[in-house]
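Coordinate-derived values only; no laboratory data. What you see is a predicted model, and the numbers here were worked out from it, not measured in a lab. Methodologically, a virtual Cβ is constructed for each residue, glycine included, from the backbone with ideal geometry; neighbour enumeration extends over all protein chains shown.
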Amino acid sequence: MTYESVQIRKLTGGCGAEILGVDLKAMSNRQWDEVQHAFREHGVVFFRDQKLTPEQHIAFARRWAPIDVNRFFTAAKGYPEIAEVRKEPQQKTNIGGGWHTDHSYDPEPAMGSILLARELPEEGGDTLFANMYRAYETLSPGLQRTLEGMRAVHGSAHIFGAKGVHKDNPESASRYGNQHLVGDDVLHPVVIRHPLSGRKSLYVNPGFTLRFEDWTAEDSRPLLEYLYRHATRPEFTCRFRWGKGSIALWDNRATWHYAANDYHGERRLMHRITVSGCALQPATA
Ligand code: SIN
């Protein structure tokens, strides 16, 4: 597709693109088509200076798919559809401070996430993204074939459950709840056929993947750790510097993300909406 109604500026050779010249609350049909195309092409896209109310943020999300409300995050006041990603000046830990992809613990993981910057620190608080198409495509053919025949177990209990990592962190109490809504672990193909692009994408992540199917966690660890190191090679990543009103829209089946925690003493408040996805099919299907 030739972009005629928006401009595309790639962030790096490996991941992400900024979309310029569009107001997300007043898009023409042509702009909407091109934004969707850029999202499919780049996996994560960025917009700047968007003056969206919470209602307009919700309306933009609904253009993509029904909203998949995150059951663990604290919602923005009055907006159950919007998850708050907040770090207060006195807090030391942040949300999302490790490579992950959202909702891989669900049987039908969220298609995308739309993160809008409301309050930012003077410096820092960037978000990094990694491209899982490139991660897969740059593995050796033998490893690609091996992984294509495998599935992995994903879960959320170790993070959001009653005995999860947040249980001893007093900063987590105001951020997360509903520990009882941790579901059963789920299985996904390790390499998926991406439902929108048709491309093969690596679908394991350090946040929520527990092990390979029929392998113990201990057996799985060396190969998972190899894949995690490989997938986060600088050549496959980009780093987004936020401004007030910036939006990042990422595809959870094509990218990972990581929220840098380098702004102690300052407040950062983001609004995140996740939109529904589908069951994931293996690359071989
Ligand atoms: C997230 O992990 O969804 C939050 C990312 C961020 O705050 O930059």
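Counting each DSSP H run of 4 or more residues in the chain as -39500 (n - 2.57), what helix-only mean residue ellipticity at 222 nm follows after dividing by all residues, to the nearest 500 deg cm²/dmol? All intermediate terms of the calculation are to be shown ahead of the outcome.
Working: 6 runs with 58 residues, N = 285.
After summing the helix terms and dividing by residue count, I get -6000 deg cm²/dmol.
Give the list, by residue number, of cysteines in the chain with no other Cys Cβ closer than 4.7 Å, or say none.
C278
What FRET efficiency do you get for L196 and S5 if R0 is 22 Å and r is their Cβ-Cβ distance, rounded to the nearest 0.05?
Taking R0 as 22 Å, the efficiency between L196 and S5 is 0.60.
Quickly rank 26-35, 98-107 as a protection proxy: mean count of other C-beta atoms within 10 Å, highest first.
Going by the mean number of other Cβ atoms within 10 Å, highest first, we get 98-107, 26-35.
What span do the alpha-carbon atoms of region 131-221 cover on each of the three principal axes, reported in whole Å from largest to smallest?
46, 30, 19
Please compute the modelled spin-label separation between W215 and K163, points set 7 Å along Cα→Cβ, answer in nm with one decimal.
Spacing of the two 7 Å Cα→Cβ label points: 2.4 nm.
For region 260-271, in order, what is each residue's ³J(HN,Hα) by Karplus, 6.51 cos²θ - 1.76 cosθ + 1.60 with θ = phi - 60°, in whole Hz (x at glycine and Pro)?
After applying 6.51 cos²θ - 1.76 cosθ + 1.60, I find 5, 10, 10, 9, 3, x, 10, 9, 9, 10, 10, 10 Hz.
For the residue pair L269 and K25, what label-to-label distance in nm results when each label sits 7 Å from Cα along the Cα-to-beta-carbon direction?
Result for the modelled spin labels: 1.7 nm.
Give me the orientation-averaged projected area of the Cα convex hull of the chain, in nm², one decimal.
Mean projected area of the Cα convex hull: 14.6 nm².
Assigning unit charges at the beta carbon (Lys, Arg +1; Asp, Glu -1) and nothing else, what dipole magnitude in debye, to the nearest 20, does the chain show about its Cα centre?
My answer is approximately 300 debye.
In what sequence, highest mean first, do 46-57, 168-179, 120-131 appear when ranked by Cβ atoms within 10 angstrom?
The densest-packed peptide leads the list: 120-131, 46-57, 168-179.
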